[in-house]
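Notes follow once the structure below has been shown.
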Amino acid sequence: MTEAQHPSSTDPRALRSVWLVARRELDTRVRTRSFVIGTLVMIAIIAAYPLVMFFVGQGSTTSTVGFTGQATTMVRPVTAVSESLDVSIEDRLVDDPRAGKRMVRSGELDALVTGAPDAPELVVERDANEELRAALETVARQRALDAELARAGLDPGQVRASTSDVHVRVTSLQPVDPQQAQRLGLAMAAGFLLYFMLISSGQMVAQGVVEEKSSRVVELLLSTLRPSQLLAGKVLGIGLTGLLQFVLTAGAGLVAVSAAGVMTLPSTALAGTLGWALVWFLLGFFFYATIMAAAASLVSRQEDLQGVVTPVVMALIAPFLVGVTILPNNPDSTVGAILSLIPGFSPMLMPMRIALGVAPVWQIATSLVLIVVATLGLLWLGGRIYRNAVLRTGARVKITEALRAT
Amino acid sequence: MPESVLEIDRISKRYGNVTALRDMTFSVRAGEMFGFVGSNGAGKTTTMRIALGVLAADSGEVRFDGAPLDLRMRRRIGYMPEERGLYPKMRAAQQLAYLGELHGMSRHGAREAADRWIDRLGLTERRDEEVQKLSLGNQQRVQLAAALVHEPDILVLDEPFSGLDPVAVDVMSQVLRDACDSGVPVVFSSHQLDLVQRLCDRVGIVRKGEMVANGTVEELRDSGPTTLLVDVPNAPADWAEGTAGVRKLGVESGRTRLELSDDADDQAVLAAAMATGPVREFARYRPALTELFRNAVTEESAA
């Protein structure tokens, strides 16, 4: 408006004005109770994630198995076979089957092995561990085979020695990533963090804009700076607040991961994921914050805010849902790849795909270019809406009016 | 002190089919207090918003010291918007310091000025309280301090007296007077015409986006046809009819009210009055601003 009136007038203090607004946002926001509590909750969730993975992982790999009667002779071979199947067994000798069954029921034992070695019985509370059952079957079959071989006049030991050289040669057409599970865990953590951070910081921007409008302080502010400077300062300040929260949360996650020792991925992979998550947080933030600010400038009261902000929040939920439903089962999904290029989807999907190690460089570059271009366009459009709507108090301003007015 | 004049030069503004301002023109000199009066919707707020750059004019220019007002110069204006507003959750002193910095002060200077104004307006005990927790009167004081914290070169205040209690009106008047005396042009709008008459050096009356009268209070009161009030107890009803250029307006509590045309001689009227017997009162009638305002507004709507 002013610019139009005096196109030649430049403002030598523009940057300082923007910084003053940003500093106020940062300063007042980090002191609020909601910021402190929100950050602590985020830290707790992110820190708990690797620890939970750690305990869940431990629980699934060790089972306590009781052996009773003749089955006690099977302890050693069953344990050996189980280990080759990645199940470690803690064996317990039990006096009689009845006592063993009681222990299974009480949860003291995960399973009980009874009966004869060539016809063992596996007692479990509900479902048998498939690996354990397979190990038991292998051992029992071996016993039966040994007996048959002996009856046919062959030495079971010799037969075993000559057959153990037979192996299947495996040719992988695609290299197997032994750390796929960890990558997925990392991708999910990044997706969750980005989703939560983008929603909360976007809401902060929307509320901040309406706060100035509803308190009418905006008119006083706009007598000292341009709408674009106010908007830029506000977005920058809240962005810095979000960045601080992000770094604190990600740092806590990093500490928890190394403390729990669940990561065997090289530390560069972890740092890379976090680095990309940070980049995409900033890109996503500017993208969504601009939309949020423009939407919020249309209303004058906090009560009316939900109506204009909800569609934007929906636009944030969609990519998150796509990310957590498609990518874990099918990281190479074409739909996921295409969506991860589209601005709006990319801030959550692309860092997840990068963490999964399935995003080629050209796709990363394309998504970066697209979101930067889209954000610039949004800044122009959103700035125009904001400039035209921010001083209009009262009823909700129609978006077409805000775009048309000068 | 250089001659600092705020000039509003032929400003026009339309909203769709509605003309908000048409060639609005006036100027306020350094050390002069200008009262801006007019009914609601006449265009006072629009004029001030344009002067502050919050709104853009369709045409016309606002100048200070002969140069068009740019953003840098606008930061030197102290502004009190009609719709008062401060951050409700910010502490009083912090808020003032922030506004001071936005107006171009250094961080340190802004803090000092904030404390100075807080002390001066009697808010010392409240300096660290959130604005929303202050009483309405104290919020108004913070609002005034917000307009003054950066020691402005120009003051523009939209309805600064509305909602103030009598003590606060005195404080406000004194603060404006002091600013004025230090050489700052002061413009304010008000519906309290007695206040405007008492405080202002010059007054502008606005109607439907146009300035219909503009001058010192004395000039405005002296403008228009000369009116005489004459108390001649023994005179017949038509005692003044014979004098040239005199029109009788009526009789109010025994006093005859006469309107004189430009070439009429008031001494001739006096002579005619004395010819009827004793003259108890012979005075020139000067209307109060309230009356002028009412006339200006109604005359226009009749026309």
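The values are calculated or read from the model by the stated rules, or taken from the named source; none is laboratory data. Predicted model, so just to flag it, every value in this text is computed and none were measured. For neighbour counting, all protein chains shown are included, and Cβ atoms are generated from backbone atoms with ideal geometry for every residue, glycine included.
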- What number goes with the only condition from (1) farther than 27 Å from B:ARG22 by Cα; (2) not in a strand (DSSP E or B) that B:GLU219 does not pass? (1)
- Have a look at A:ALA256, A:ALA250, A:ALA271 and point out the one that is away from chain B (no Cβ under 14 Å), surrounded by fewer than 18 Cβ atoms within 10 Å (Cβ to Cβ) and of a type in the set (Gly, Ala, Ser). A:ALA271
- Starting from segment A:268-282, take each residue that is more than 19 Å from A:GLY344 (Cα to Cα) and list its partners that are basic (Lys, Arg) and modelled with pLDDT under 85, counting only C-beta distances under 8 angstrom and pairs at least six apart or across chains. A:ALA269/A:ARG183
- A:LEU391 closer than 30 Å to A:GLU211 by Cβ and in contact with a helix residue (DSSP H, G or I) (Cβ under 6 Å, 6 or more places away or on another chain): no
- Task: Considering every residue within segment B:86-101, establish whether at least one is within 30 Å of B:LEU193 (Cβ to Cβ) and assigned by TED's automatic domain parsing to the domain that holds B:ILE11.
- Result: yes
- May I ask you to list the residues in segment A:316-343 that are assigned to a loop (DSSP other than H, G, I, E, B) and at pLDDT below 90? A:LEU327, A:PRO328, A:ASN329, A:ASN330, A:PRO331, A:ASP332, A:SER333
- Message: When you scan segment A:126-140, do you find a residue that is surrounded by fewer than 11 Cβ atoms within 10 Å (Cβ to Cβ) and among the acidic types (Asp, Glu), even just one?
- Response: yes
- Note on the structure: Those residues of segment A:159-214 that are in contact with a helix residue (DSSP H, G or I) (Cβ under 9 Å, 6 or more places away or on another chain), surrounded by fewer than 21 Cβ atoms within 10 Å (Cβ to Cβ) and hydroxyl-bearing (Ser, Thr, Tyr) come to a total of 3
- Message: If the requirement is being part of a helix (DSSP H, G or I) and either among the acidic types (Asp, Glu) or in contact (Cβ under 8 Å) with a residue 12 or more places away in the chain (or both), which of these qualifies: A:LEU298, A:LEU225, A:LEU265, A:LEU230?
- Response: A:LEU230
- Message: Out of the residues in segment B:191-243 meeting the condition of being of a type in the set (S, T, N, Q) and more than 17 Å from B:ALA288 (Cβ to Cβ), tell me which one is modelled with the lowest pLDDT.
- Response: B:THR243
- Check segment B:160-177 and report whether any residue there is touching a Gly at 6+ places or on another chain (Cβ under 7 Å), away from chain A (no Cβ under 14 Å), closer than 21 Å to B:ALA92 by Cα and assigned to a helix (DSSP H, G or I). yes
- Task: Note down all Cβ pairs under 9 Å where the first residue falls in segment A:203-216 and is in contact (Cβ under 8 Å) with a residue 60 or more places away in the chain and more than 11 Å from chain B (Cβ to nearest Cβ), the second is surrounded by fewer than 18 Cβ atoms within 10 Å (Cβ to Cβ) and assigned to a loop (DSSP other than H, G, I, E, B), and they're at least six residues apart or on different chains.
- Result: A:VAL210/A:ARG301
- Note on the structure: Restricting attention to segment A:7-20, the residues that are within 8 Å of another protein chain (Cβ to nearest Cβ) and either surrounded by 12 or more Cβ atoms within 10 Å (Cβ to Cβ) or at pLDDT 90 or above (or both) number exactly 5
- Residues within segment B:228-261 that are of a type in the set (Ser, Thr, Tyr) and within 16 Å of B:MET274 (Cβ to Cβ), tallied: 2
- Task: Tell me, yes or no, whether segment A:196-217 has at least one residue that is small (Gly, Ala, Ser) and farther than 30 Å from A:ALA318 by Cβ.
- Result: yes
- Item | Every residue from segment B:237-254 that is in a loop (DSSP other than H, G, I, E, B), of a type outside the set (A, V, I, L, M, F, W, C) and over 15 Å from B:VAL269 (Cβ atoms) | B:SER253, B:GLY254
- Query: Given A:LEU248, A:LEU220, which one is in the same structural domain as A:SER346 (by the TED database) and touching a residue at least 12 places away in the same chain (Cβ under 8 Å)?
  - Reply: A:LEU248
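Being assigned by the TED database to the domain that holds A:LEU274 and not in a strand (DSSP E or B) narrows it down to one of A:ARG169, A:ARG183, so name that one.
Of A:ARG169, A:ARG183, the one residue that is assigned by the TED database to the domain that holds A:LEU274 and not in a strand (DSSP E or B) is A:ARG183.
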- For A:GLU121, indicate whether it is assigned to a helix (DSSP H, G or I), at pLDDT 85 or above and either exposed (fewer than 11 other Cβ atoms within 10 Å of the Cβ) or of a type in the set (D, E, K, R) (or both). no
- Query: Can you list the helices (runs of 4 or more DSSP H) found entirely within segment B:1-120 that contain at least 3 residues being farther than 16 Å from B:ASP153 by Cα and away from every other protein chain (no Cβ under 14 Å)?
  - Reply: B:107-120
- Query: Taking the condition more than 16 Å from B:ASN234 (Cβ to Cβ), more than 25 Å from the chain's Cα centre (by Cα) and either assigned to a helix (DSSP H, G or I) or modelled with pLDDT under 85 (or both), does B:LEU258 pass?
  - Reply: no
- Message: What are the pairs with Cβ atoms under 9 angstrom where one residue, in segment A:329-350, is outside the structural domain of A:LEU368 (by the TED database) and the other, located anywhere, is assigned to a helix (DSSP H, G or I)? Sequence gap at least six, or different chains.
- Response: none
- Item | Subset of segment B:121-148 (residues that are crowded, with 16+ Cβ neighbours inside 10 Å, among the hydrophobic types (A, V, I, L, M, F, W, C) and either in contact with a strand residue (DSSP E or B) (Cβ under 8 Å, 6 or more places away or on another chain) or assigned to a helix (DSSP H, G or I) (or both)) | B:VAL131, B:VAL142, B:LEU144, B:ALA145, B:ALA146, B:ALA147, B:LEU148
- Among the numbered conditions (1) in a helix (DSSP H, G or I); (2) out of contact with any helix residue (DSSP H, G or I) (no Cβ under 6 Å at 6 or more places or on another chain), tell me where A:MET352 comes up short. (2)
